[in-house]
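Below is one structure, written out as structure tokens; the observations come after it.
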Amino acid sequence: MDHFDAAIIGSGQAAPSLAVGLAKRGQSVALIEGDKLGGTCVNSGCTPTKTLRKSARVAHMVRRAGDFGVSTGEVTIDFPAAMARMRERVDTARRGLTAWLKRTKGVEVIHGWGSLAGFDENGRFIINVGEGKISAAKVFLNTGTRSFTPPVPGLEGIDALDNASLLALDALPDHLIIVGGSYIGLEMGQIFRRLGSKVTVVHRANRLAEREDEDVSDIIAEFFQDEGVTLHLNANITGVGRNMRGVLMTLEDGTEIAGSHVLFATGRSPNTDRLNLAAVGLEPDARGYVPTDAKLRTKVPNLWALGDVNRRGAFTHTSYHDHEIVLADLDGRDDLYQWRDADQRPTTYAMFTDPPLGRVGLSRTEAQHLAAEGRNILIADMKMADISRAKEESETTGLIRIIVDGDSEAILGATVFGISGDEIIAIFSNFMATGASYKIMQQALPVHPTVAELIPTILAGLKPLEAADA
């Protein structure tokens with residue numbers, strides 16, 4: 001049995017950087033992966049979807065060419081070529097990751113499913129890997145999540161898609177039915193609509209992306225319908241089955257939807273079922289996630305959980321930040337990174353529709369609850385339609401919203417929904433890490449003409465938020 005200073009089970013976004021970081025600190029590291037290196041992000045998440053999104057956006061912009069005084073012929077989509085470009089990008093990313101780990105002294109990649117098997121006589125973790133075993137003084141879990149498909153009558157009789165199998169298609173779906181109107185479902189729905197599929201979104205809530213402010217949900221619904229996506233909201237599925245077209249879905253109100261393919265984008269489940277956590281005295285929560293403290297430590301000494309599996313942020317960037325938290329903690333440092341632990345960092349993310357949505361911290365709805373409790377909350381909005389650069393680009397959908405604590409003057413949250421919103425949101429998340437007064441940002445000198453140049457102007461228009469404000 002081989003012995004290591006550290007073992008990392010799973011190779012999601014935190015794992016490779018953590019492995020290299022530990023190796024540079026003189027530790028021997030086993031990186032255990034039962035599938036493909038890179039986890040969801042590289043193989044079936046960020047890398048392939050954003051690559052395919054670009055093909056979809058190019059097609060969309062070519063169709064809009066006349067708006068800019070440019071004449072084009074008929075727009076046709078070579079779906080296999082778009083998918084080949086996407087797969088080459090994924091393969092290149094995975095090859096680069098593999099090469100990086102291979103050339104790092106002290107890191108050994110072990111292919112096989114890892115599971116905990118208790119402790120040896122010296123208190124070291126024993127880990128089963130395939131038919132073999134290793135031991136390690138420290139263990140880091142980074143096994144991520146997988147697509148969750150809810151129980152639906154008739155589901156066993158159809159070939160339902162998830163985010164991974166959707167990206168394995170070689171032929172464009174004629175009519176893609178998407179169950180789930182949140183971030184993944186919306187991104188995939190717009191992409192495949194622009195690539196030429198008919199798309200229907202079935203969502204059980206009364207509005208899309210219901211965790212966002214209501215006006216944001218309304219904007220999303222409007223541009224989805226403008227692009228020809230059919231929406232069924234407040235929709236409950238009573239059954240699915242096969243028909244001549246491929247899939248027939250029946251809703252509670254009697255509506256029948258016939259499609260060629262159905263994608264379930266209905267959430268994620270943690271990959272903890274194979275880990276045998278009980279062998280070391282660790283129990284997951286009711287949904288299978290691994291509880292940790294703010295430094296990502298579990299209740300078992302020398303056992304950490306990073307990434308989606310710890311339920312502290314289901315994003316690549318939070319997973320990557322997890323590894324920074326862990327390394328700083330192991331080094332005895334508390335001053336290395338912008339957010340020193342997982343409790344301090346605000347929720348920060350983007351939805352990569354077109355236009356994209358960037359979000360950090362509080363939404364207006366959440367801020368209203370604070371205002372109802374007596375907090376002095378300030379808010380200011382500006383529509384993208386009022387921003388010159390957005391008008392010059394003919395990209396006027398969306399808004400910018402900033403929320404501030406009127407007493408401490410700290411920025412509590414921001415929404416940037418529109419052109420470059422996924423990039424601009426970093427202005428706010430990075431500034432929030434400083435803890436500085438919004439008045440400093442208000443005094444900044446932005447570049448003209450840009451979308452972000454209006455941030456000081458928006459801040460100058462801050463007004464008190466009342467709990468009852470719509």
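The values are calculated or read from the model by the stated rules, or taken from the named source; none is laboratory data. The shown structure was predicted, so the numbers you read here are calculated from the model rather than taken from an experiment. Using ideal geometry, Cβ is built from the backbone for each residue, glycine included, and neighbour counts are taken over all protein chains shown. What goes into the accessible areas is simple: the full protein's heavy atoms, side chains included, and nothing from ligands, DNA or RNA. Shrake-Rupley method; radii C 1.70, N 1.55, O 1.52, S 1.80 Å.
The table for this structure:
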{"quantity": "Span from the the stretch 399-433 Cα centroid across to the the stretch 1-32 one, whole angstrom", "calculated": "36"}
{"quantity": "Accessible area (Å², 1.4 Å probe, nearest 10) - His3", "calculated": "110"}
{"quantity": "Neighbour-limited loop hits for trypsin sites (Lys or Arg not before Pro), the stretch 244-311 (at most 15 other Cβ within 10 Å; DSSP other than H, G, I, E, B)", "calculated": "Arg245, Arg274, Arg287, Lys299"}
{"quantity": "Under 27 Å from the Cα of Lys463 - lysines, other chains or at least 8 residues apart", "calculated": "Lys383, Lys391, Lys439"}
{"quantity": "Projected label distance in nm at Thr450 and Asn243, using a 7 Å step from Cα toward the beta-carbon", "calculated": "5.1"}
{"quantity": "Computed over the chain: relative contact order in percent, which uses C-alpha pairs under 8 Å that are six or more apart", "calculated": "13"}
{"quantity": "Average projected area [Cα convex hull, the stretch 1-88], square nanometres", "calculated": "8.5"}
{"quantity": "Separation in nanometres of the label points that stand 7 Å from Cα toward Cβ, at Glu121 and Lys102", "calculated": "3.9"}
{"quantity": "Ser17-Glu393 FRET efficiency (beta carbon distance; Förster radius 35 Å; 0.05 resolution)", "calculated": "0.50"}
{"quantity": "Sites matching GluC sites (Glu not before Pro) across the stretch 55-147 that sit in DSSP coil, with at most 15 neighbouring C-beta atoms within 10 Å", "calculated": "Glu74, Glu121, Glu131"}
{"quantity": "Student exercise, the stretch 321-365 dipole from Lys, Arg, Asp, Glu Cβ charges, in Debye to nearest 20", "calculated": "360"}
{"quantity": "Asp334 accessible area, 1.4 Å probe, all protein chains in place, Å² to nearest 10", "calculated": "80"}
{"quantity": "Per-selection Rg to Rh, the chain - Cα, Kirkwood hydrodynamic radius", "calculated": "0.98"}
{"quantity": "Length gained when the stretch Lys299-Ala84 is fully extended (0.36 nm per residue, less Cα-Cα span)", "calculated": "72.9 nm"}
{"quantity": "Extension reserve of the Thr230-Ala426 stretch, reckoned as 0.36 nm per residue once the Cα distance is removed", "calculated": "67.3 nm"}
{"quantity": "Heavy-atom SASA rank of Ile427, Ile379 (probe 1.4 Å, accessible area, largest first)", "calculated": "Ile427, Ile379"}
{"quantity": "Rounded if a/c under 1.5, otherwise prolate or oblate - the stretch 316-416, Cα gyration tensor axes", "calculated": "oblate"}
{"quantity": "Point-charge dipole on Cβ atoms (K/R +1, D/E -1) for the chain, about Cα centre, debye to 20", "calculated": "1240"}
{"quantity": "Taking only Cα atoms of the stretch 75-155, radius of gyration then Dmax in Å", "calculated": "19.9, 68"}
